[in-house]
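The values are calculated or read from the model by the stated rules, or taken from the named source; none is laboratory data. Keep in mind it's a predicted model, so treat the numbers as computed, not measured. Here the Cβ positions follow ideal geometry from the backbone for every residue, glycine too, while neighbour counts run over all protein chains shown.
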Amino acid sequence: MSKQVWERVLVTGAAGFLGSHLCDALLAEGASVVGVDNLATGSLDNLKHLASESRFTYEQADICRPFDYGEVDYVFNFASPASPEDYMRLGPETLRVGSDGTVNALEVAKRYDAGFLHASTSECYGDPLQHPQTEAYWGNVNPIGPRSVYDEAKRFSEATIMAYHRYYRMRTGMVRIFNTYGPRLQPNDGRVISNLMMQALRREPLTIYGEGKQTRSFCYVSDLVRGIVALAHSGEPLPTNIGNPQEWTILDCAKTVLKVTGVDVPITFKPMPEDDPKQRRPDITKARELLGWEPQVPLREGLQKSLEYFQSKVQ
Ligand code: UDP
């Protein structure tokens, strides 16, 4: 595996939680970075520390329209609403960015013979009947349910990218990202970690949907970004899971939030949202073998590292 050196890379969704951390990692590798975002769910706050970074440029644009910011040797396609609350609010926009947006980003990579990595998702597995989920699993997705705007957009993106790989021989790849958390997660995006951390710090009851027996596997953002950059360097074209295989019930996750924040508030139980996956855990054998990648930050430690950020967001 020969590691490519990138001179100038494009990141769509650069003002988002993952996009902004990815920009930091790419700048640290020595690349110049062009970040694009339409701020539908991203925030310029996530990029403000790069204001005096001469190798970073920011373009405010919607990638659903064709775009071109000059020659690049790699494209990271990270633009999309990603929290269930955001993508259900922005359903048509989510479908468009996962279809038109992905095509436009691919066209840029094609024009400049650049590599391409797409932020795909564990949602491709839907409410999985195979546990843990390997990349070979085709998934159990409701194509018309409330989550379909996100799940099917991401699955369409995967199909489109494979077509560009097969028909145009492009160097493409895709990462299936599992639940990720850390600083810059929007405090009000409705996700479980942001909700529980903000509720605890505001001394409000923690909201658990259903009985809290459903499971998720939470990856700290620095582990995820390290895996993504390694995957891009590898040139692997087929989907690769990157996530932390340590699986938590949502109830245990809430108890960990209480421990880390050191607060004592009640837990309230709310109705389970429609089509909420009952279990989710990545099989990361492929990433381990292909990239030698392994997550290093357990949930409790990652929440500790995120505490200061969430505290800064409490009014
Ligand atoms: N959840 C919860 N309380 C909240 C927010 C979410 O119990 O305040 C649950 C949600 O029903 C789901 C899990 O936590 O089972 C993870 O939800 P999230 O929105 O973070 O993302 P998902 O993994 O469902 O895409």
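Quick notes on this one:
- Qualifying residue in the range 218-227 (condition: in contact with a helix residue (DSSP H, G or I) (Cβ under 7 Å, 6 or more places away or on another chain) and either within 13 Å of the ligand (Cβ to nearest atom) or modelled with pLDDT under 95 (or both)): yes
- Residue in the range 138-150 that is in contact with a strand residue (DSSP E or B) (Cβ under 9 Å, 6 or more places away or on another chain) and over 21 Å from Thr94 (Cβ atoms) present: no
- Some residue of the range 116-132 being away from the ligand (no atom under 15 Å from the Cβ), surrounded by fewer than 22 Cβ atoms within 10 Å (Cβ to Cβ) and closer than 26 Å to Val229 by Cβ: no
- Identity of the residue in the range 1-44, farther than 15 Å from Phe116 by Cβ and among the hydroxyl-bearing types (Ser, Thr, Tyr), that ends up farthest from the chain's Cα centre (by Cα): Ser2
- Boolean, Pro187 is under 21 Å from Ile267 (Cα atoms), surrounded by fewer than 20 Cβ atoms within 10 Å (Cβ to Cβ) and in contact with a Lys or Arg (Cβ under 9 Å, 6 or more places away or on another chain): yes
- Wholly within the range 1-101, strands (runs of 3 or more DSSP E) carrying at least 3 residues that are at pLDDT 95 or above and buried (at least 21 other Cβ atoms within 10 Å of the Cβ): 8-12, 32-37, 74-77
- When the range 158-177 is filtered for residues that are within 11 Å of the ligand (Cβ to nearest atom) and in a loop (DSSP other than H, G, I, E, B), nothing remains.
- If you go through the range 178-215 and keep only what is near the ligand (Cβ under 6 Å from one of its atoms), farther than 13 Å from Val257 by Cβ and outside any loop (DSSP other than H, G, I, E, B), you end up with just Tyr209.
- When the range 268-293 is limited to residues that are of a type in the set (A, V, I, L, M) and crowded, with 17+ Cβ neighbours inside 10 Å, the one that is nearest to the ligand (Cβ to nearest atom) turns out to be Ile284.
Quick grid of which residues meet (1) at pLDDT below 95; (2) within 18 Å of Ala232 (Cα to Cα); (3) surrounded by fewer than 16 Cβ atoms within 10 Å (Cβ to Cβ):
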position	(1), (2), (3)
Glu135	no, yes, no
Trp138	no, no, yes
Gly145	no, no, yes
Val149	no, no, no
Arg169	no, yes, yes
Met174	no, yes, no
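- Counting only residues that are touching a Gly at 6+ places or on another chain (Cβ under 6 Å) and exposed (fewer than 13 other Cβ atoms within 10 Å of the Cβ), the range 246-267 holds 0 of them.
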